[in-house]
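Enquirer: Sharing a structure, written as structure tokens. Questions coming.
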Amino acid sequence: MMRLFVAIPLPVDVRAQLATLQSGLSNARWIDGANMHLTMRFIGEVPEPDAREIDSVLSEIVEPAIPIELNGIGYFDRRGSVHSLWVRVKKTDALMHLQSKIERALVNYGLEPEKRKYTPHVTLARVRDTPVERLAPWLEDQGGFFVPEFLATQFVLVETFRGHGAAKYTPISEYDLYQPL
């Protein structure tokens, strides 16, 4: 079995800027810079033959390169307890169109539709059972974070390996987004 997701990789300089946010919270498990990405669709566990078919389906997507802008900080919580801190990715028509094409291609292939509404973001840290109020000062200090627009020229199919420590991500296929003349 292979555990997969589809993502837009981030340029090295963008990951370096994101790393500047990774301090000031003792209970945060910060995401390694090499693992930072913009998830387009989590796939989950699939048999290896399905992974080859998914690769084939994704390779048929033809879309232009898209501008990406990071602006602001957010979090995911359950019942007032934060579990993830992230940087917001500006929701543009181009980004949402690409995400929709990826989702449609995977559903047409036979995967279950994603049940959660897509929230474009880059995860910075995982936190455990932390009340929002406890994170408020950090969120306020970092809230104005901004990375100028950059052009995403590809998306990737990534395999994730879980074990001791942080997950390891390995791109297994890359799909170019064309640059209009």
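Enquirer: Do you know which residues across the range 161-181 are hydroxyl-bearing (Ser, Thr, Tyr), exposed (fewer than 12 other Cβ atoms within 10 Å of the Cβ) and farther than 17 Å from GLY44 by Cβ?
Expert: If the condition is that a residue be hydroxyl-bearing (Ser, Thr, Tyr), exposed (fewer than 12 other Cβ atoms within 10 Å of the Cβ) and farther than 17 Å from GLY44 by Cβ, then TYR178 is the only one that fits.
Enquirer: Still on this structure: Output the number of residues of the range 137-181 satisfying the condition of being out of contact with any strand residue (DSSP E or B) (no Cβ under 9 Å at 6 or more places or on another chain) and modelled with pLDDT under 90.
Expert: The number of residues fulfilling the criteria is 4.
Enquirer: Now for a different question. Hey, any hits in the range 118-136 for a residue that's surrounded by 13 or more Cβ atoms within 10 Å (Cβ to Cβ), at pLDDT 95 or above and out of contact with any strand residue (DSSP E or B) (no Cβ under 7 Å at 6 or more places or on another chain)?
Expert: Checking the range 118-136: at least one residue is surrounded by 13 or more Cβ atoms within 10 Å (Cβ to Cβ), at pLDDT 95 or above and out of contact with any strand residue (DSSP E or B) (no Cβ under 7 Å at 6 or more places or on another chain).
Enquirer: Within the range 76-104, track down each residue that is aliphatic (A, V, I, L, M), assigned to a helix (DSSP H, G or I) and either free of Cβ contacts under 8 Å to residues at least 60 places away in the same chain or farther than 21 Å from PHE150 by Cβ (or both).
Expert: First, pick out the residues of the range 76-104 that are aliphatic (A, V, I, L, M): 82, 85, 87, 89, 94-96, 98, 102.
After this cut, where a residue has to be assigned to a helix (DSSP H, G or I) as well, the list is 94-96, 98, 102.
Residues satisfying the conditions are ALA94, LEU95, MET96.
Enquirer: Going by the conditions given, is GLY72 surrounded by 13 or more Cβ atoms within 10 Å (Cβ to Cβ) and either in contact with a Leu (Cβ under 6 Å, 6 or more places away or on another chain) or at positive phi (or both)?
Expert: Answer is yes for this residue.
The values are calculated or read from the model by the stated rules, or taken from the named source; none is laboratory data. Just so we're clear, the structure is a prediction, and the values are computed from it rather than from any experiment. Positions of Cβ are backbone-derived with ideal geometry, glycine not excepted, and every protein chain shown enters the neighbour counts.
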